[in-house]
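Q: Dumping the structure here so I can ask a few things about it.
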Amino acid sequence: MKKTIILGMPKSRNIYQQIKQNLQFYGFEVLYIDNFPEYIKHFKYQNWREHLYSTVQKLLFRNFSYKVKLKEKLLLSNSSALFAGTKCDYALVIRPDLYPIKLLRLMKEFTKDKFIAYQWDGLRRMPCPKQTIDLFDEFYVFDAQDLVDKHFENYELTGITNFYFDMYQPEPVEHSGTIAYFVGTHVPERVADIEYCATELVKNNLQLKFIIPTSNQNKINQYQHSHLITFGEENAIDFCKNMQILNEIDIIVDFVNPLHHGLSFRVFESLYYQKKLITNNKSVCQYDFYHPNNILIWDKEDLSYKIQDFLAKPYKSVDSKIVKKYGFGNWIRNILDLSPYEKINLPF
């Protein structure tokens, strides 16, 4: 009989579909619980009395929570109906800070074994209240700093990395030139690093595929070399398309987020697809797959004299056991404690 698992996570960039499919690939039956379904996005009052009462609360009492409570009530009711009175073996909630505490309690009620959380954006960037963390049997974080941060010393936290999707097989596509690829959201603190890196790569005859899918002109205006970057919401890339692009490029470029130092998916994609990686995340050198031939770590303005030597070196194959360790299959066995698996630890 198939093991069943509740999956709760946001729909951004459709990564939830990839995780759902990878869980199914490993034999799980998946029940997805959305934190912000369409019927909540386009919420409508059930009748004129609800609407009138909400209006009175806002205008006379400055109470704006009534509509929020109605939405939460609807979300709980519909989510409860999805369970149909049947418990699942496990639950995995990614970004639990986005879920109402009542919905999390409901999900736990319908979980027979392990109720697991994974905060893949760092607790400093995406805080999670202690009462939420305490609901879970294990609360995983991907930033080693969260494990030693005094702000979280009373929290029960466990470290684990991100992963790559191993239901896909690398299928390199022949192409001309050397293509460096980066896709990511606009983060003001990363603008200078992105521009410096992009100009240095162009100087060394690399073709750029840098995508920041924002149409906000105020954000775009922050880039002095905007001609090197593809902007626009219409150029947003979901995770399925990203998998295809990884077969068509040579170098993955990664920029550390100033609010955390956990390794992004790009790092593990470079490992699996055997692509060179250029990053300013210094912590990557502490991992067992690091090799200077494959990963260039730069700081401030030293990329200009490091890049040529790095590009000239051949890619060094990484032990297949280490590569497999960071695949989704081993990752999910780690967090659910399903033997056998290779233990994944964060460096300190």
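What follows is calculated from the coordinates using simple rules that are stated; it is not laboratory data. Treat the numbers as computed from the prediction; the structure is a model and nothing was measured. When we count neighbours, we look across all protein chains shown, and the Cβ atoms used for this are built from the backbone with ideal geometry, even at glycine.
Q: Would you work out the relative contact order for the range 123-181, in percent, from Cα pairs under 8 angstrom that are 6 or more residues apart? Each step should come with its number before you reach the end.
A: On the way: 36 pairs, mean separation 17.4, N = 59.
Dividing the mean separation by the residue count of the range 123-181 yields 29 percent.
Q: Which one of 287, 154, 348 is farthest out on the positive end of the charge dipole of the chain, using unit charges on Cβ (Lys, Arg +1; Asp, Glu -1) and the Cα centre as origin?
A: Result: 154, furthest along the dipole toward the positive end.
Q: So for the range 80-126, considering every pair of alpha-carbon atoms, how many percent are separated by more than 17 Å? Don't jump to the answer; show the numbers that get you there.
A: On the way: 398 of 1081 pairs.
Considering the range 80-126, 37 percent of its Cα-Cα pairs are separated by more than 17 Å.
Q: Let me ask something else. Grab every C-alpha pair in the range 179-318, bin the distances at 5 angstrom width from 0 up to the longest one, and report whole percents.
A: All Cα pairs considered, the percentages come to 2, 9, 21, 24, 22, 15, 5, 2, 0.
Q: Let's test the formula: R0 of 30 Å, r as the Cβ-Cβ distance of residue 204 and residue 321. What FRET efficiency results, to the nearest 0.05? All intermediate terms of the calculation are to be shown ahead of the outcome.
A: Numbers: r = 34 Å, r/R0 = 1.12.
So, using R0 = 30 Å, E works out to roughly 0.35.
Q: A further question follows. For the chain, what's the relative contact order in percent, using C-alpha pairs closer than 8 Å and at least 6 residues apart?
A: Working: 541 pairs, mean separation 52.1, N = 348.
Computed over the chain, the figure is 15 percent.
Q: Run the Debye formula on the Cα coordinates of the range 147-230, all scatterers equal and no solvent, and tell me log10 I(q)/I(0) at q = 0.12, 0.13, 0.18, 0.24 1/Å.
A: Here log10 of I(q) over I(0) equals -0.60, -0.68, -0.90, -1.11.
Q: While we're here: Taking 21 Å as the cut-off for C-alpha to C-alpha distance, list the pairs among 219/275; 20/67; 203/300 that go past it.
A: Numbers: 219/275 30 Å; 20/67 31 Å; 203/300 17 Å.
Long pairs (Cα-Cα over 21 Å): 219/275; 20/67.
Q: Taking the Cα centre as origin and putting +1 on Lys and Arg beta-carbons and -1 on Asp and Glu beta-carbons, what dipole magnitude results for the range 112-184, to the nearest 20 debye? Each step should come with its number before you reach the end.
A: Values: 6 positive and 13 negative charges, 51 e Å.
Charge dipole of the range 112-184: 240 debye, to the nearest 20.
Q: Counting helices only, and only those DSSP H runs with n ≥ 4, report the 222 nm mean residue ellipticity of the chain as the sum of -39,500 (n - 2.57) divided by its residues, in deg cm²/dmol to the nearest 500.
A: Calculated mean residue ellipticity at 222 nm is -10000 deg cm²/dmol.
Q: Using the per-residue mean of other Cβ atoms lying within 10 Å as a proxy for protection, in what order, highest first, do the peptides 309-317, 30-38, 223-231 fall? Could you put the intermediate results ahead of the total?
A: Details: 309-317: 12.1, 30-38: 17.1, 223-231: 14.6.
Ranked by mean Cβ neighbours within 10 Å, highest first: 30-38, 223-231, 309-317.
Q: Something else now. I'd like the Karplus ³J(HN,Hα) series for the range 125-136: coefficients 6.51, -1.76, 1.60, θ = phi - 60°, whole numbers in Hz, and an x wherever there's a Gly or Pro.
A: 7, 10, x, 9, x, 4, 5, 6, 4, 5, 5, 8
Q: Could you work out the relative contact order of the range 179-318, using alpha carbon pairs under 8 angstrom and six or more residues apart, expressed as a whole percent?
A: On the way: 200 pairs, mean separation 30.9, N = 140.
Result for the range 179-318 is 22 percent.
Q: For the Cα atoms of the chain, what angle does the longest principal axis make with the long axis of helix 65-83, in degrees from 0 to 90, nearest 10?
A: Tilt of helix 65-83: around 80 degrees.
Q: Where does the range 109-156 land on Rg(C-alpha)/(2.2 N^0.38 Å)?
A: Values: Rg = 11.1 Å, N = 48, 2.2 N^0.38 = 9.6 Å.
Taking N as the residue count of the range 109-156, the ratio is 1.16.
Q: If you take the C-alpha gyration tensor of the chain, multiply each eigenvalue by 5 and take the square root, what semi-axes do you get, largest first, in whole Å?
A: Working: eigenvalues 288, 135, 72 Å².
Ellipsoid semi-axes (Å, largest first): 38, 26, 19.
Q: Shifting gears a bit: Want the number for residue 134 to residue 147: 0.36 nm per residue separation, take away the alpha-carbon distance, what's left?
A: Working: separation 13, 0.36 × 13 = 4.68 nm, distance 1.55 nm.
Stretched fully, the residue 134-residue 147 segment lengthens by 3.1 nm.
Q: Calculate, for residue 333 and residue 176, the FRET efficiency according to 1/(1 + (r/R0)^6) with r their C-beta to C-beta distance and R0 30 Å; round to the nearest 0.05.
A: 0.15
Q: Right, here's the next one. Let me spell out the model: positive unit charges on the Cβ of Lys and Arg, negative unit charges on the Cβ of Asp and Glu, origin at the Cα centre of the chain. What dipole size does that give, in debye rounded to 20? It would help to have the intermediate numbers written out before the result.
A: Working: 43 positive and 40 negative charges, 252 e Å.
With Lys and Arg at +1 and Asp and Glu at -1, about 1220 debye.
Q: Once you charge only the Cβ atoms, +1 for Lys and Arg and -1 for Asp and Glu, what is the size of the charge dipole of the range 278-323 about its Cα centre, to the nearest 20 debye? Mind dumping the intermediate values first?
A: On the way: 6 positive and 6 negative charges, 20 e Å.
For this selection, approximately 100 debye.
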